[in-house]
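Working notes, beginning with the structure itself.
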Amino acid sequence: MCNGNRGEDLAFERFSLLFIYKRDRISSVSLSIFIRLLLCLCFVTIIGCTWKPRRMAHSGVHKDRGELRIHENLDELGTDLAEYIAELSEASVKERGVFAIAISGGSLIGLMGKLCEAPYNKTVDWAKWYIFWADERVVAKTHADSNYKLAKDGLLSKVPVVPSHVNSINDSVSAEEAADDYEFHVRQLVKTRTINVSDISDCPKFDLILLGMGSDGHVASLFPNHPVLDEKDEWVTFITDSPKSPPERITFTLPVINSASNVVVVVTGESKAEAVHLAIDDAGADCLSLPARLVQPTKGKLAWFLDKLAASKLDGSQFSE
Ligand SMILES: O=C1O[C@H](COP(=O)(O)O)[C@@H](O)[C@H](O)[C@H]1O
């Protein structure tokens, strides 16, 4: 009898312990679920409060002229452009360990200004950037017309790029020599694959070439009806008769521009709306030789960053959302 009671007591004790264990386990599981739900809620609330929708007036893909990103105003264009460049930089650094970017002069530099601000000034891997110029005016680097000076004052001096990665032209020689010298320099960096090489020619394949466009449709220093538009062999050429001052310039040629992995053309303002229309829409035979229209990356991606004014003469029917 005595043993029977002891056995029942033990069984009851075990059952109670099991019950307490299960109850505690169930309550710790529900506590952890509750905490997770609470954290999710906090996260969603924080994101909800800080996220500002990127306002693009219109965005879509043109049937054969690349991606169109049309913005309400310059501020929104600048925000989108900074994010776009930062994403390309990250992808390129991940894939190749470096980011070889060629920039232009003019209004483009001001529109890249948000790259010097948070978060990009901290999050972009600036040490991996190798900077080149798609075109340069052959003037001293201290001259107000210098594309290098423009970029240095407006961008490069504000972010931690490595000075030896800034590949500017030799400004103490003639335009012809400066072009030869720059091409030689680019060739050395293609050999070491700091600049990638095209899969279908021996051309350099820049990770990104950023272009502006003049109201005459010029890009880099490739002006309408100029013989350098036909240059097929040189990577970098020169002109001494630029219709826009200063007359002496060096410029990447079309084969180099069209070999890039990414080409971005940034155009703003009503005065350029007609040239944008000719560069993008099917606007007859006249537009076919416009320099901006000759920008057609063979394998790379082309994107247009426009404000509403520059896009105001576009034929909307030619691109899809
Ligand atoms: O002369 C030049 O002009 C174009 C366009 O300049 P913008 O001020 O009208 O945007 C520029 O992209 C190029 O680099 C520059 O040399």
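Since every read-out is calculated from the coordinates, none of them should be taken as a lab result. Values in this document were obtained by computation on a predicted structure and should not be read as measured data. All Cβ positions, even for glycine, are placed from backbone atoms using ideal geometry, and neighbour counts span all protein chains on display.
By average Cβ neighbour count within 10 Å, what is the ranking of 78-86, 207-215 from highest down?
Final packing ranking: 207-215, 78-86.
Taking 24 Å as the cut-off for C-alpha to C-alpha distance, list the pairs among K232/K301; K205/K308; K128/K308; K63/K128; K158/K308; K152/K313 that go past it.
Pairs exceeding the cut-off: K205/K308; K128/K308; K63/K128; K158/K308; K152/K313.
Run the numbers on segment 56-320 and let me know its relative contact order in percent, using alpha-carbon pairs under 8 Å that are six or more apart.
22 percent.
Would segment 162-321 count as rounded, prolate or oblate if I go by the C-alpha gyration tensor, calling it rounded below 1.5 in a/c and otherwise prolate when a/b exceeds b/c, oblate otherwise?
prolate
May I ask for the distance between the Cα centers of segment 165-222 and segment 95-149, given as a whole number of Å?
13 Å
How big is the convex hull of the Cα atoms of segment 118-190, per residue, in Å³?
Looking at segment 118-190, the number lands at 92 Å³ per residue.
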